[in-house]
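Asks: Below is one structure. I have some questions about it.
The values are calculated or read from the model by the stated rules, or taken from the named source; none is laboratory data. Just so we're clear, the structure is a prediction, and the values are computed from it rather than from any experiment. Virtual Cβ from ideal backbone geometry, glycine too; neighbours counted across all protein chains shown. Accessible surface is based on the protein model in full, side chains and every heavy atom, while ligands, DNA and RNA are left aside. Shrake-Rupley method; radii C 1.70, N 1.55, O 1.52, S 1.80 Å.
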Amino acid sequence: MTDATAKDLLGDPLEAAPLRTAYVLLPIPADRPYSYAVPAGMDVQPGDYVQVPLGPRKVASVVWDAPVGDNGVDPKKLRAIETKFDCPPVPEDMRRFVDWIAHYTIAPPGMVLKSLLRTPAALDPEQPMPGIAFTGDWPDRMSDARGRVRGLIEADTKQLWTKSGLANAAGTSSSVVDGLVKAGTFAPRDIPPQPIVPPPMPKQAGKPLNEDQQEAADALVEAVKADEYSTHLIDGITGSGKTEVYFEAIAAALNAGKQVLVLLPEIALTATFLDRFEARFGAPPAPWHSGITPRQREKIWRQVAEGTVRVVVGARSALFLPFAELGLVVVDEEHDQAYKQEDRVFYSARDMAVVRARLGGFACVLASATPSVETRVNADTGRYIRLRLDRRHGAAVLPKLSTIDMRENPPPRGRFVSPVLEEEMRQSTARGEQSLLFLNRRGYAPLTLCRVCGFRFECRNCSAWLVEHRFRGQLQCHHCGHSEPTPEACTNCGTLDHLVACGPGVERLAEEVDAIFPEARIIVLSSDMLGGVSRLRLELEAIADGQADIVIGTQLVAKGHNFPKMTVVGVVDADLGLANGDPRAAERTFQLLSQVTGRAGRAGGESKGLLQTYAPDHPVIKAIVSGDREAFYEREIALRKSAGLPPFARLVSLIISGTDKRETERHAMDLKLAAPFMEDVFLLGPAEAPIAQVRGRWRWRLLVHAPRALDVQTYIRDWLAKGPKERGNIRVQVDVDPQSFL
Ligand code: ADP
Ligand code: ZN
């Protein structure tokens, strides 16, 4: 305990009593906090991190607020809290945030808490390192080596050193340093833990902003200064300077003494973002994503809790960092699907960022060139404030977009690049510029079949085709990761050498391009590339640096990168995303293709985006080509409204899965029969999921369609409580506001 309060001095009658009860939320799938006894002499408050026994285990947990209407259990019958960690407590707004997510997503609060407790080692304070400090006295006998130490020390007599660090810096052996310690020149002194990043310098000026940018930045700065909840949408075309604008909001929050969280999709790949941030603020932000080491993770978590780290840039899980003084959250590329977590707790990090800001009473900023329809509607209804940036900064202009009608300009048999696109690439290469071919398909070919018997190679665990990865000589399932060597003979009829690859993946496209442009430097980018994230990062830098003529990539290349030399972007199959039955197919296609073509022409000069399509008259393709974003949103919003789709209604998916097909189906049926009747609530299904089997588990889906005004969470909780219990290995997962319908 640190500060003595009046209560401590006067004595608290409860503390004087032998035992008290505390409610402790454990990171386990329980519906409510458990009661524990507080041992005499221990003082715990809601938010404190404690260790409690659970069966034979000891579990790091958090003291929670007393449940409403709970009369408590006799503490004598309870097991006791074992220890209280020396760690800043979970702030009140963060506790409400955990409760809120649990309620909204229909997840046990303990499972949400688990995201906060992912680094239990950080609950203990960082340990200082043993070091030495100069005392001011040199011994009478000075050797050469001692002289070198003296030369070093006199530059800064206050600096703390580790013994080995000093010996290294002075170029002496460690015995020389030991000798000086013995002689009293240095005394032992702990070196306090070092900040993982230096403090940012928000006072230094950013880039001079153009008029539109300044107007938007002013609005954000005001919102931050207001120190109350608000959500702004920066709705600005690719390259309009959205990042420069929200940097000003970050500066304002830092100047007000607040911490800042920036969420980015694909954070591991955004080295350029970190560089830009450092150029603006004189120090990099602390990163938070799956690629950082456990040691770094602990340090960052702890320093966020203590307030040493002021800015975190992270993936969606950064929402669960224990910020002590959060005052701004920015969600860049807010439309991105990577913000949806579909595992354990199903939540949208974008929506939860807004909730976090509301509960904490501070500003939230969403940014996108292609906002989600949900966000656009929220802006139209005034729930969010929309700031528009309609021009690219400086000389840069948007690429000229057009379609290539594949019925009129088909590629040669077995190839996928039409002669029109090929010619554009040829010219771009001749001018010393770059072109990009976009195809959202990893591997060589999405389907392999036997020409003799027609057999199709499918995953043995999933209802999905195996994707050929020729470079690795494997057939791979993109749903469960199963892979097997590509066979030479058909597994069905045994015929040798009659297997054919159907359709293109990026590997196959690379083969084709290599044959057409044998001289060109080609880079293929996809998430399953050998070498992982660090290799990808290098490749992205190489592209930005002009070390490639032609880039072939999946959606990885669509996201936020700046490629100054890129002047031609070809979309190999613009119809790909439109074909599936997903209610968001149009929106996704619009977003993805706008982002991809937006890679072109970011440094000025003319540039082109070409969409290969069999349906040039499709409204989505037309909207992209005409550049009429407003028309697209208007039409899409009207469609959603008339069809009663989100955001004009609420959807909830229930996914029932199990290893026995029959039993899983029966459970899904029983569950449906148990649904309470309620006017305006419609249940669809159960239907076999489009991917009926994943990782050996059969999947059935129920879709709940409810009016927005209804408390759908309470409805579903009641339903699940009286419905059939999960038995055997059958599981029911709830996905509120589903993004995926597979
Ligand atoms: P967006 O996030 O909207 O795609 P960025 O913020 O990445 O746009 O800006 C695109 C490019 O234009 C970047 O290289 C950025 O540094 C540059 N830029 C934007 N605004 C300015 C400005 N006011 N002054 C100088 N450069 C700018
Ligand atoms: Zn599989």
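Asks: Listed residues Pro199, Pro208; which is open to solvent by 80 Å² or more (accessible area, probe 1.4 Å) and within 16 Å of ligand 1 (Cβ to nearest atom)? Can you show your working first?
Replies: On the way: Pro199 fails: within 16 Å of ligand 1 (Cβ to nearest atom).
Just one listed residue meets the conditions, Pro208.
Asks: May I ask you to say which residue of Asp617, Asp680 is at positive phi, away from ligand 1 (no atom under 16 Å from the Cβ) and assigned to a loop (DSSP other than H, G, I, E, B)? Quick ask: steps written out before the conclusion?
Replies: Working: Asp617 fails: at positive phi.
That would be Asp680, the only listed residue that is at positive phi, away from ligand 1 (no atom under 16 Å from the Cβ) and assigned to a loop (DSSP other than H, G, I, E, B).
Asks: Right, another one. Working only within region 453-472, note down all residues that are among the small types (Gly, Ala, Ser) and open to solvent by 30 Å² or more (accessible area, probe 1.4 Å).
Replies: To start, the set of residues in region 453-472 that are among the small types (Gly, Ala, Ser) comprises 454, 463-464.
Gly454, Ser463, listed by residue number.
Asks: Look through region 639-660, keep the residues that are assigned to a helix (DSSP H, G or I) and of a type in the set (D, E, K, R), and return whichever of them is least open to solvent (accessible area, probe 1.4 Å).
Replies: Arg640
Asks: Using the structure shown, decide if Thr403 is within 16 Å of ligand 2 (Cβ to nearest atom), modelled with pLDDT of 90 or more and in contact with a strand residue (DSSP E or B) (Cβ under 6 Å, 6 or more places away or on another chain). Break it down stepwise before answering.
Replies: Details: within 16 Å of ligand 2 (Cβ to nearest atom): no; modelled with pLDDT of 90 or more: yes; in contact with a strand residue (DSSP E or B) (Cβ under 6 Å, 6 or more places away or on another chain): yes.
For Thr403, the condition - within 16 Å of ligand 2 (Cβ to nearest atom), modelled with pLDDT of 90 or more and in contact with a strand residue (DSSP E or B) (Cβ under 6 Å, 6 or more places away or on another chain) - is not met.
Asks: Within region 128-145, track down each residue that is modelled with pLDDT under 90 and farther than 24 Å from Ile196 by Cβ.
Replies: Those that are modelled with pLDDT under 90 and farther than 24 Å from Ile196 by Cβ: Gly136, Asp137, Trp138, Pro139, Asp140, Arg141, Met142, Ser143, Asp144, Ala145.
Asks: Anything in region 480-494 that is crowded, with 16+ Cβ neighbours inside 10 Å and closer than 16 Å to Arg697 by Cβ? List them, or say none.
Replies: Once the filter is applied, which keeps residues that are crowded, with 16+ Cβ neighbours inside 10 Å and closer than 16 Å to Arg697 by Cβ, region 480-494 yields Cys480, His482.
Residue-wise test of (1) without any contact (Cβ under 8 Å) to a residue 12 or more places away in the chain; (2) surrounded by fewer than 22 Cβ atoms within 10 Å (Cβ to Cβ); (3) within 16 Å of ligand 1 (Cβ to nearest atom); (4) within 30 Å of Leu654 (Cβ to Cβ).
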{"residue": "Glu298", "(1), (2), (3), (4)": "no, yes, no, no"}
{"residue": "Trp301", "(1), (2), (3), (4)": "no, no, no, no"}
{"residue": "Leu359", "(1), (2), (3), (4)": "no, yes, no, yes"}
{"residue": "Ser372", "(1), (2), (3), (4)": "no, no, no, yes"}
{"residue": "Arg388", "(1), (2), (3), (4)": "no, yes, yes, no"}
{"residue": "Arg392", "(1), (2), (3), (4)": "no, yes, yes, no"}
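Asks: If only one of Glu215, Glu222 is modelled with pLDDT of 95 or more, at negative phi and more than 13 Å from ligand 1 (Cβ to nearest atom), which one is it? Even if it seems obvious, please write down each step before you answer.
Replies: Numbers: Glu215 fails: more than 13 Å from ligand 1 (Cβ to nearest atom).
Of the residues listed, the single one that is modelled with pLDDT of 95 or more, at negative phi and more than 13 Å from ligand 1 (Cβ to nearest atom) is Glu222.
Asks: What's the total number of residues in region 618-648 that are within 26 Å of Gln733 (Cα to Cα) and out of contact with any Pro (no Cβ under 6 Å at 6 or more places or on another chain)?
Replies: First, pick out the residues of region 618-648 that are within 26 Å of Gln733 (Cα to Cα): 640, 643-648.
Add one more test, that the residue is out of contact with any Pro (no Cβ under 6 Å at 6 or more places or on another chain), and what stays is 640, 643-644, 646-648.
Selection size over region 618-648: 6.
Asks: Which of (1) within 16 Å of ligand 1 (Cβ to nearest atom); (2) surrounded by fewer than 16 Cβ atoms within 10 Å (Cβ to Cβ) is the odd one out, the single condition Ser240 does not satisfy?
Replies: Of (1) within 16 Å of ligand 1 (Cβ to nearest atom); (2) surrounded by fewer than 16 Cβ atoms within 10 Å (Cβ to Cβ), only one is false for Ser240: (2).
Asks: Taking the condition of being under 14 Å from Pro29 (Cβ atoms), part of a helix (DSSP H, G or I) and either hydrophobic (A, V, I, L, M, F, W, C) or open to solvent by less than 10 Å² (accessible area, probe 1.4 Å) (or both), how many residues in region 102-128 meet it?
Replies: 6
Asks: Hey, could you check region 63-100 for residues that are touching a Pro at 6+ places or on another chain (Cβ under 8 Å) and assigned to a strand (DSSP E or B) and say which is farthest from Val304 (Cα to Cα)?
Replies: Across region 63-100, the extreme among qualifying residues is Ala80.
Asks: Something else now. Among Ala271, Ala256, which is the only one that is closer than 20 Å to Thr308 by Cα and in contact (Cβ under 8 Å) with a residue 12 or more places away in the chain?
Replies: On the way: Ala271 fails: closer than 20 Å to Thr308 by Cα.
Of the residues listed, the single one that is closer than 20 Å to Thr308 by Cα and in contact (Cβ under 8 Å) with a residue 12 or more places away in the chain is Ala256.
Asks: While we're looking at this one, here's another question. Keeping to region 432-446, report how many residues are buried (at least 17 other Cβ atoms within 10 Å of the Cβ) and more than 30 Å from the chain's Cα centre (by Cα). Reasoning before the result, please.
Replies: Keep residues of region 432-446 that are buried (at least 17 other Cβ atoms within 10 Å of the Cβ), which gives 433-446.
Among the residues that remain, those that are also more than 30 Å from the chain's Cα centre (by Cα) are: 433.
Counting residues in region 432-446 that are buried (at least 17 other Cβ atoms within 10 Å of the Cβ) and more than 30 Å from the chain's Cα centre (by Cα) gives 1.
Asks: Out of the residues in region 129-150 that are among the aliphatic types (A, V, I, L, M) and surrounded by 16 or more Cβ atoms within 10 Å (Cβ to Cβ), state the one that is farthest from Tyr347 (Cα to Cα).
Replies: So the first thing to find is which residues in region 129-150 are among the aliphatic types (A, V, I, L, M), and the list is 129, 132-133, 142, 145, 149.
Narrowing further to those that are surrounded by 16 or more Cβ atoms within 10 Å (Cβ to Cβ): 132-133, 145, 149.
Values: Ile132: 49, Ala133: 51, Ala145: 62, Val149: 57 Å.
If we take residues in region 129-150 being among the aliphatic types (A, V, I, L, M) and surrounded by 16 or more Cβ atoms within 10 Å (Cβ to Cβ), then Ala145 is farthest from Tyr347 (Cα to Cα).
Asks: On the given criteria, is Gly291 part of a loop (DSSP other than H, G, I, E, B), within 16 Å of the chain's Cα centre (by Cα) and over 18 Å from Phe323 (Cβ atoms)?
Replies: On the way: part of a loop (DSSP other than H, G, I, E, B): yes; within 16 Å of the chain's Cα centre (by Cα): yes; over 18 Å from Phe323 (Cβ atoms): yes.
When the stated conditions are applied, Gly291 passes them.
Asks: Same structure, new question: Which residue, of Glu636, Glu630, Glu679, Glu663, is open to solvent by 30 Å² or more (accessible area, probe 1.4 Å) and farther than 30 Å from Lys722 by Cα? Quick ask: steps written out before the conclusion?
Replies: Numbers: Glu636 fails: open to solvent by 30 Å² or more (accessible area, probe 1.4 Å); Glu679 fails: farther than 30 Å from Lys722 by Cα; Glu663 fails: farther than 30 Å from Lys722 by Cα.
Within the list Glu636, Glu630, Glu679, Glu663, the selection yields Glu630.
Asks: Can you pull out the residues in region 278-311 that are under 20 Å from Ser534 (Cα atoms) and of a type in the set (Phe, Trp, Tyr)?
Replies: Trp288
Asks: With the requirement that a residue be near ligand 2 (Cβ under 9 Å from one of its atoms) and within 27 Å of the chain's Cα centre (by Cα), what does region 447-482 give you?
Replies: First pass over region 447-482, keeping only residues near ligand 2 (Cβ under 9 Å from one of its atoms): 458-464, 466, 476-482.
Cys462, Ala464, Gln476, Cys477, His478, His479, Cys480, Gly481, His482, listed by residue number.
Asks: Restricting to strands (runs of 3 or more DSSP E) lying wholly in region 511-600: which have 2 or more residues that are open to solvent by 40 Å² or more (accessible area, probe 1.4 Å)? Before the answer, list the steps.
Replies: Details: elements: 522-525, 550-553, 566-571.
Because the criterion is at least 2 residues that are open to solvent by 40 Å² or more (accessible area, probe 1.4 Å), the strands (runs of 3 or more DSSP E) in region 511-600 that meet it are 522-525.
Asks: Residues that are among the β-branched types (Val, Ile, Thr), modelled with pLDDT under 95 and surrounded by fewer than 24 Cβ atoms within 10 Å (Cβ to Cβ): does region 311-325 have at least one?
Replies: Quick first cut of region 311-325, residues among the β-branched types (Val, Ile, Thr) only: 311-313.
Next cut, modelled with pLDDT under 95 only: none.
So far as region 311-325 goes, no, none of its residues is among the β-branched types (Val, Ile, Thr), modelled with pLDDT under 95 and surrounded by fewer than 24 Cβ atoms within 10 Å (Cβ to Cβ).
Asks: Go through the residues of region 706-713 one by one and say whether even a single one is open to solvent by 50 Å² or more (accessible area, probe 1.4 Å) and of a type in the set (S, T, N, Q).
Replies: The first filter runs over region 706-713 and keeps only residues open to solvent by 50 Å² or more (accessible area, probe 1.4 Å), leaving 708-709, 711.
This time we only want the ones that are of a type in the set (S, T, N, Q), so: none.
No; the residues of region 706-713 include none that is open to solvent by 50 Å² or more (accessible area, probe 1.4 Å) and of a type in the set (S, T, N, Q).
Asks: What's the total number of residues in region 314-330 that are outside any loop (DSSP other than H, G, I, E, B) and more than 10 Å from the chain's Cα centre (by Cα)? If you could, list the steps in order and put the result at the bottom.
Replies: Residues of region 314-330 that are outside any loop (DSSP other than H, G, I, E, B), as a first pass: 314, 316-320, 326-330.
Checking which are more than 10 Å from the chain's Cα centre (by Cα) leaves us with 320, 326-330.
Count: 6.
Asks: I want to confirm something. Restricting to region 464-477 and keeping residues that are in contact with an Asp or Glu (Cβ under 9 Å, 6 or more places away or on another chain) and part of a loop (DSSP other than H, G, I, E, B), which single residue is farthest from ligand 1 (Cβ to nearest atom)?
Replies: Leu466
Asks: Hey, another quick one. Scan region 359-400 residue by residue and report those that are touching an Asp or Glu at 6+ places or on another chain (Cβ under 6 Å), of a type in the set (A, V, I, L, M) and closer than 18 Å to Ile237 by Cβ.
Replies: Passing the criteria: Leu366, Ala367, Val373, Leu389.
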